[in-house]
Amino acid sequence: MQIFNTPIEYLKGVGPQRAEVLKKELGIFIYQDLLHYYPFRYIDKTRYYKINEIYQDFPLVQILVRLKSFEIIGEKQAKRLVARVIDDTGELELVWFKGLRWVERTLKLNQLYVVFGKPTFFNGKLQIAHPEMDLFSRDTKERGNLSLQPVYSSTEKLKQFALDSKGLQKIMSNLLDVIAIEIEEVLPQYILNKYKLLPRKEALMQIHFPASTAILSRSQATLKFEELFFIQLKLLKIKHLRSLKFKGSVFSIVGEKFNHFYENLLPFQLTGAQKKVLREIRIDTQKGIQMNRLVQGDVGSGKTVVALMSMLLAIDNGFQACMMAPTEILATQHYASIRDMLQDDFVKVALLTGSTKRKDRKKILEDLENGTLDILVGTHALIEDTVVFKHLGLAVIDEQHRFGVEQRAKLWRKNPIPPHVLVMTATPIPRTLAMSLYGDLDVSVINELPAGRKPIQTIHLYENQRLRMFGFMRREIAKGRQVYVVYPLIQESAKLDLKNLQDGIEVLSREFPLPQYKISIVHGQLKPEDKEFEMQRFIKGQTQIMVATTVIEVGVNVPNASVMIIENAERFGLSQLHQLRGRVGRGSEQSFCILMSKDKLSKEGKVRLDTMVKTNDGFEISEVDLQLRGPGDIEGTQQSGVLDLKLADLTHDQNILQEARNTVLEIMESDPELEKPEHQMLRNYFKKHNTGITFDKIS
Ligand code: ADP
Ligand code: MG
């Protein structure tokens, strides 16, 4: 095994100087690093194309042609060598702008050449500039020149040391010569069989030097599976270890408070999805194992009441609960709606944020510690060390993606037995991402909106249709509705955004003048208390229009606001647009979302806005988002490590991920300690890769 850890400088063709550059530029230190430096594409030299098969945008092609003529034409800068070549289907031009004399000398009229390069159309003619060119000989054929050639990405610096793609290919070949024989299997044979994977050694050889496209794709599938499999194994193993290590409080009864709320106070029927999630939580909290559950539910699906009822469950069993929200506005709103739903004081609830007065704060902390307080709602002020619970049984985190894993862990330490954790997110995450990001959590989905909701109608208008938008606003306001107008706020151009916002406000105040119309304005520059004041005016219906930057993005609930206007909508990402739209559609009235955009849109911008017009389904939208942007830009992925994938890609390899996950689930079910002989190799893998996980039994 040692050989994989050999410093790269000892490889034939490398040496100390090149080793230095490989380390600096590519992070390749040892043999193993190089082995996993995969080609980013392949040049298809497996066949000759016919000239009449080639069309615009064709990638690199290889053709077999006869040279008919060549001449140097043009003056000075425009001087170039043009050669005409033909096959039995047509002709094309080869062009050189540099080294004309040298090329000219080597060309041989009427000979057959193997020509390779990128075809383009110039003045309606097909041509290849600076092609690779070899005289055709029987030799060319016999050497097996027809193959898929790997292309490795290189850098300027590497190229100075002759490590361009070709150079890397050469040392890779040297590496495989010495290392291939040592490559061992890491996946049990029965898994290879089941998914028709290649032996690992073959997969690694073939991914660098594939014999055919068919075997290449099998080797890619094999290595992707392996990659995803071990990530899942790690995640699910963490989960398993946690279940052994951390006892969970047991909520054995459904008690008085829960029942009182359910029977007397709950103002509506729970949806089937809400009931299902409550049932899952109920089961989780009776096992004596700490619950870590993610509840995904589209905006407006009614997560708050699920959280509240879970907290009542905790209280009925003698515990306290807390609920943490990412912003002060949201925390305040949660507090208000919980107070509202509970009506009388049969449960003691308090709010703790950064702006809680010192005197109140002291009282809250006392009540918390002596157990008088049942529920504490707040911002991350909750996780400060001064906040001590008597016996915290359940922590609810709303809008997860704004809290890091670190913060989640801090909550755990708030009780000797870590509290059950319920994470609520309104950002639907594509299944593949959820599996990778939250692979160690259990996931519940609220995939049903409360009955009687009218789907929000979404309309896309261009700048030149702005008058229509004003007319529409007037009509809706006349019906007694309220309107949000949202402007983008993007850090890099905060100044410009603010100007946008100010201009917008000016125009709006002209179109909607006092005293008939009143406007609330909320943006990031305001002090929290001013923000709160403006919010409250809107919530109470004292203003009809709320102009805001994205501060209202998360969670605010004003049922009478039924129109959402998003300015510069093309500048928002899909998930943000969806979140914003979710602010309306909460009452019984028909709601609308108007996306305002400039007249000219990028292709991607158009897809985003069209998607919004087409669907209200957050999961569908998140899939499109993933396709458009890749996982790197989806919130929450940055710190998660899912981006460190070498080969697999969460956008395109969903099936492989699912297979890998299922396989691991089966293993964790039947042999969580990896004790069966066929799983020894998995245990060894973890030993070797120093993942911080040991598979030996916990004492
Ligand atoms: P979100 O999932 O976005 O946090 P909320 O919990 O804020 O959604 O709920 C949105 C609105 O729907 C609230 O006004 C809430 O009272 C209401 N609601 C929740 N569940 C139901 C239900 N089963 N039937 C009717 N209305 C509901
Ligand atoms: Mg919410």
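Observations on the structure shown:
- Per the conditions (1) out of contact with any His (no Cβ under 7 Å at 6 or more places or on another chain); (2) open to solvent by less than 20 Å² (accessible area, probe 1.4 Å), the sole criterion not satisfied by GLN290 is (1).
- Residues of the range 27-55 satisfying the condition of being more than 22 Å from ALA203 (Cα to Cα), surrounded by 14 or more Cβ atoms within 10 Å (Cβ to Cβ) and touching a residue at least 60 places away in the same chain (Cβ under 8 Å): TYR48, ILE51, ILE54
- Within the range 571-615, the set of residues being of a type in the set (Lys, Arg), touching a residue at least 60 places away in the same chain (Cβ under 8 Å) and either crowded, with 20+ Cβ neighbours inside 10 Å or under 13 Å from VAL486 (Cβ atoms) (or both) comprises ARG571, ARG581, ARG583, ARG586.
- The set of residues in the range 417-459 that are surrounded by fewer than 20 Cβ atoms within 10 Å (Cβ to Cβ), within 16 Å of ligand 2 (Cβ to nearest atom) and among the aliphatic types (A, V, I, L, M) comprises VAL445, LEU449.
- Hits in the range 341-370 (condition: modelled with pLDDT of 95 or more, under 16 Å from ALA314 (Cβ atoms) and not β-branched (Val, Ile, Thr)): LYS348, ALA350, LEU368
- Strands (runs of 3 or more DSSP E) contained entirely in the range 530-622, each with at least 2 residues that are β-branched (Val, Ile, Thr) and more than 26 Å from the chain's Cα centre (by Cα): 545-548, 561-566
- Of the set (1) at pLDDT below 90; (2) closer than 30 Å to LEU175 by Cα, all apply to ALA221 but (1).
- Residue satisfying all of: in the range 317-328; modelled with pLDDT under 95 and open to solvent by less than 30 Å² (accessible area, probe 1.4 Å); farthest from ligand 2 (Cβ to nearest atom) among these: MET324
Here is a yes/no grid of residues against (1) part of a strand (DSSP E or B); (2) farther than 30 Å from ASP33 by Cα; (3) open to solvent by 50 Å² or more (accessible area, probe 1.4 Å):
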{"position": "ILE63", "(1), (2), (3)": "yes, yes, no"}
{"position": "ARG66", "(1), (2), (3)": "yes, yes, yes"}
{"position": "GLU71", "(1), (2), (3)": "yes, yes, yes"}
{"position": "LEU81", "(1), (2), (3)": "yes, yes, no"}
{"position": "VAL85", "(1), (2), (3)": "yes, yes, no"}
{"position": "VAL95", "(1), (2), (3)": "yes, yes, no"}
{"position": "TRP102", "(1), (2), (3)": "no, yes, yes"}
{"position": "VAL115", "(1), (2), (3)": "yes, yes, no"}
{"position": "THR120", "(1), (2), (3)": "yes, yes, yes"}
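- Considering only residues in the range 148-160 that are over 21 Å from PHE116 (Cα atoms) and open to solvent by less than 60 Å² (accessible area, probe 1.4 Å), the one that is modelled with the lowest pLDDT turns out to be THR155.
- Candidates in the range 426-478 are the residues that are of a type in the set (Ser, Thr, Tyr) and more than 30 Å from ILE238 (Cα to Cα); of these, the one that is nearest to ligand 1 (Cβ to nearest atom) is THR458.
- The set of residues from the range 270-302 being more than 13 Å from ligand 1 (Cβ to nearest atom) and in contact (Cβ under 8 Å) with a residue 60 or more places away in the chain comprises GLU280, ILE281, ASP284, THR285, GLN290, MET291, ASN292, ARG293, LEU294.
- Scanning the range 313-341 for residues that are assigned to a loop (DSSP other than H, G, I, E, B) and either within 25 Å of VAL522 (Cα to Cα) or under 35 Å from the mean Cα position of the chain (by Cα) (or both) turns up ALA325, PRO326, THR327.
- Top-ranked residue in the range 372-416 [being modelled with pLDDT under 75 and buried (at least 20 other Cβ atoms within 10 Å of the Cβ); ranked as farthest from ligand 1 (Cβ to nearest atom)]: PHE403
- Test set (1) surrounded by fewer than 18 Cβ atoms within 10 Å (Cβ to Cβ); (2) of a type outside the set (Gly, Ala, Ser); (3) more than 16 Å from ligand 2 (Cβ to nearest atom) - ILE545 fails condition number: (1)
- If only residues of the range 322-348 that are more than 16 Å from ligand 1 (Cβ to nearest atom) and of a type outside the set (Asp, Glu) are counted, the one that is farthest from VAL295 (Cα to Cα) is PHE346.
The values are calculated or read from the model by the stated rules, or taken from the named source; none is laboratory data. For clarity, every value in this text was computed on a predicted model and none was experimentally measured. In this analysis, Cβ positions are derived from the backbone assuming ideal geometry, glycine residues included, and neighbour counts consider all displayed protein chains. When the accessible area is computed, the model is the full protein with side chains, heavy atoms only, and any ligands, DNA or RNA have been set aside. Shrake-Rupley method; radii C 1.70, N 1.55, O 1.52, S 1.80 Å.
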